[in-house]
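Since the structure comes first, as structure tokens, the remarks are kept for the end.
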Amino acid sequence: MLTLKNIVKTYAAGGETVLALDGVSMDFRRNEFVSILGPSGCGKTTLLNIIGGLDRYDSGDLVIDGKSTKAFRDGDWDTYRNHSIGFVFQSYNLIPHQSVLANVELALTLSGVSKRERRERAKKALERVGLGDQLRKKPSQMSGGQMQRVAIARALVNEPEILLAD
């Protein structure tokens with residue numbers, strides 16, 4: 001389903017080049033649960049961002065369902081992210097002035113889902129994570145654990161093939 005071949009990623013930081021990933025290769029099978037462990041700063045988030053199409057690799061290849069991503073354009077990455085990937089970010093990335101329901105609906109807005117269906121699917125996703133009675137609250141009115149569950153609901157609402165949790 002997903003193969004990383006010799007992935008290299010560097011960043012420029014303060015006049016230096018930082019090697020974040022150095023020839024990472026691995027295969028992921030469908031329905032496989034994988035945990036990537038390591039110390040802070042070892043490249044875990046960078047790897048997840050590359051798998052999720054949020055960041056580009058410098059060399060190597062990311063192969064999705066047998067198709068190389070080397071020639072992917074922005075639109076290809078957008079389609080991949082919108083239809084195949086669900087993200088749960090470390091900092092949740094919730095929009096503070098939006099309700100919990102609106103935060104979850106946002107993931108469906110980018111996928112072209114109608115307003116009525118967005119609302120229904122978002123409500124169901126929030127019910128699945130035990131927040132069906134918190135729809136109108138703002139993130140600032142919630143505990144850290146509740147905000148994390150909103151982020152999980154947002155990641156699941158599109159029924160992605162791949163869930164990435166950082």
Would you mind stating whether VAL113 is farther than 30 Å from SER40 by Cα and either assigned to a loop (DSSP other than H, G, I, E, B) or not assigned by TED's automatic domain parsing to the domain that holds LEU156 (or both)?
yes
Could you check, for segment 131-144, whether at least one of its residues is under 17 Å from the mean Cα position of the chain (by Cα), at pLDDT 95 or above and of a type outside the set (Ser, Thr, Tyr)?
no
Residue in segment 83-132 that is nearest to GLY145 (Cα to Cα), counting only those that are of a type in the set (Val, Ile, Thr) and touching a residue at least 12 places away in the same chain (Cβ under 8 Å)
VAL129
Meets criteria (crowded, with 16+ Cβ neighbours inside 10 Å, at positive phi and among the small types (Gly, Ala, Ser)) for GLY43
yes
Is there a residue being crowded, with 18+ Cβ neighbours inside 10 Å and acidic (Asp, Glu) anywhere in segment 103-113?
yes
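Listed here are the residues, each with its yes/no results for (1) closer than 24 Å to THR79 by Cα; (2) part of a strand (DSSP E or B); (3) free of Cβ contacts under 8 Å to residues at least 24 places away in the same chain.
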{"position": "GLY23", "(1), (2), (3)": "no, yes, no"}
{"position": "ASP27", "(1), (2), (3)": "yes, yes, no"}
{"position": "ASN31", "(1), (2), (3)": "yes, no, yes"}
{"position": "VAL34", "(1), (2), (3)": "yes, no, yes"}
{"position": "LEU37", "(1), (2), (3)": "no, no, yes"}
{"position": "GLY53", "(1), (2), (3)": "yes, no, no"}
So, in segment 110-166, exactly how many residues are under 20 Å from LEU54 (Cβ atoms) and either in contact with a Cys (Cβ under 9 Å, 6 or more places away or on another chain) or polar (S, T, N, Q) (or both)?
3
Go over the candidates SER40, SER59 one by one and state the one that is over 21 Å from PRO160 (Cα atoms), modelled with pLDDT of 95 or more, polar (S, T, N, Q) and outside the structural domain of ARG136 (by TED's automatic domain parsing).
SER59
What do you reckon, is PHE72 outside any helix (DSSP H, G or I) and surrounded by fewer than 20 Cβ atoms within 10 Å (Cβ to Cβ)?
yes
Please verify whether segment 102-109 includes one or more residues that are at pLDDT 95 or above and under 17 Å from ASP166 (Cα atoms).
no
Answer yes or no as to whether VAL34 is surrounded by 13 or more Cβ atoms within 10 Å (Cβ to Cβ) and not hydroxyl-bearing (Ser, Thr, Tyr).
no
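The values are calculated or read from the model by the stated rules, or taken from the named source; none is laboratory data. None of the values given here were measured: they were computed from a predicted structure. Here the Cβ is made from the backbone with ideal geometry for all residues, glycine too, and neighbour counts use every protein chain on show.
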